[in-house]
Every structure is written in structure tokens, then in C-alpha cells.
1. Stick to Cα atoms and the Kirkwood definition of Rh, then tell me Rg/Rh for the chain.
2. Name the shape class, rounded, prolate or oblate, that the alpha-carbon gyration tensor gives for segment 55-118, where a ≥ b ≥ c are the square roots of its eigenvalues, rounded holds for a/c under 1.5, and otherwise prolate holds if a/b is larger than b/c and oblate otherwise.
3. Quick check: from the Cα gyration tensor, does segment 77-183 come out rounded (a/c under 1.5), prolate or oblate?
4. For residue 146 and residue 122, calculate 0.36 nm times their separation in residues minus their Cα-Cα distance, and state this gained length in nm to one decimal.
5. Tally the DSSP beta bridges in the chain and give the antiparallel ones as a percent, rounded to 5.
6. Can you give me the relative contact order of segment 1-143 as a percent, contacts being Cα pairs under 8 Å and 6 or more apart?
7. Based on the mean of other beta carbon atoms within 10 Å per residue, what is the order of 9-21, 57-69, most packed first?
8. Using packing as a proxy for protection, rank 248-260, 227-239, 89-101, 117-129 so that the peptide with the highest average count of other Cβ atoms within 10 Å comes first.
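Read-outs throughout are calculated quantities, based only on the coordinates presented, and are distinct from any laboratory measurement. The structure displayed is predicted, hence computed values, not measured ones. In this analysis, Cβ positions are derived from the backbone assuming ideal geometry, glycine residues included, and neighbour counts consider all displayed protein chains.
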């Protein structure tokens, strides 16, 4: 059958406790899910459509909207959050609901870290991990984030947290949002098609005809601030091989010496010339790695 048949994704909603996880499903429906893809903070499943759709000729892929993003209906209250364990538990619930054989978990930035945390909880459900510039801090920084005083507002002073809180959330239209983002800031290196997909999946229409970010600035900021989870512990519990693509510039993978612990099957590769947005800049490299892990 012509590969083009598979390239337009289907909307899918998976019920779990508290609501539904929305997603886009690519590829043939007569095979189990091969890959579950998890987006970065503030993004959504549709952002990665052009990255994933060429794989749909032979693989079945589910890209999800995490809690507080896209069309997912799970509650997203930023008050009192200390970690990404809520996001981890959502992904674990999704894996349980999907059933079938083990999948490749892949994720960008926060999505990569959440994938690692979930794989540690359900190692039997994961055949491989592809982490695209995941957010992993040095071990001492993880300990600091877990400390009681870290809950008293110190993390809220981070520049990224403050920047997220100031982010404009309402535009007259999606076209206006696209024009405001194009070629600027974090979107400077993005292809226009990926930016258009991000805008299409990342805004919701309001009664007055305007559009508003699906991921509220306060929720995005809470994801930057809530760093009390432990990817160092998680990587010791994962059974599947792990492949990390680290950006050459502006990377959020800052684990430093000692990561991974001895005996873990973790390959770390620095992608020359790539920034934190390496899935947008090097989709060919990411697709090849996904295909290799899913079919290997």
C-alpha cells in the first residue's frame, strides 16, 4: 500500500484516572504500537507531525499531549508541584492502557526525562529509549531540588520560570501567533511547517474568536520549577537500552560525570551543530534512530 496512506495522523484519546490523554496516531492500525513519543514542555503532539509521519509507512506511532498541554483533559494545577511524577504516572497509565508488546519510548526535553522516569516504573513495557536532549541535571542539583527549602520559592526565581510566566498567552488568531513567533526566540531555527503544527496544536479557540495557549504559562513555569524527580535513580532501574542525543549548544542534558552509572546500557551522542531544538533541526537523524530502535 502507498506510504502516503499512513502519513496523516488520526486523533486518539486514551482514558486514564482523572481524564483522557489526547494524542495523534500514525501508521497502520493492524499492528501494535511501536513508538510512544512525548513532547517538550510547552509543546504538543502535533508539533512533531512532520518528524514522525515519514515513519508511518511501516511503524505505528502514538504521539501524546501531556497533562496541561494540547487537548489532554487531565487537571493541571501548578500550585505545590515539586516534581514530574504526575507526568510520569500519566505515561505509566497510558502504557498500561495500551497493552501489547513493549514499545520504544521517545521524548524531547521534558518528554525525554518523563519517558525515562516511566520506563523505570514499567521496565517490562519498554524495549528502548530515545531521549532527545532530555532535562537531566547533575546529581547534586537533583539532591538540592528535593530539599525542603527548594519548595519555598527558590526555584521560582529561575530566569526560565520568570520568562514563562511573562509569556503572552492570547492572540487574535493562530495566524497572528505564527507571525509573532516566526524566526524569533526559541523558534528561530524551526522549519515553518513545524512551527505551523505547533501553533495548530498548541492553541484553543475562545468565545470571542481569539486563541489562547493550551499550555497555560503558569503550568509551563511549574514544569521548569518542579525538579524534585530523580532521573539518576530511574536510569539505574531501566532494563532497555537507552540512547541520548545531546545538543551541542544550549543543551539541557547537564548530568556531567558519573552519568550513566556503571553497567547501564546508555549511549550518549553529541549532535554537532544542534541546539536544544535538535528534533526540529535534525529530523533525519531522529527518524533514523527511531526506526532502528523500533525494528531492531
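1. In the chain, Rg relative to Rh is 0.94.
2. Prolate.
3. oblate
4. 6.3 nm
5. Of the beta bridges lying entirely in the chain, close to 40 percent run antiparallel.
6. Relative contact order, segment 1-143: 24 percent.
7. Final packing ranking: 57-69, 9-21.
8. Ranked from most to least packed, the peptides come out as 117-129, 227-239, 89-101, 248-260.
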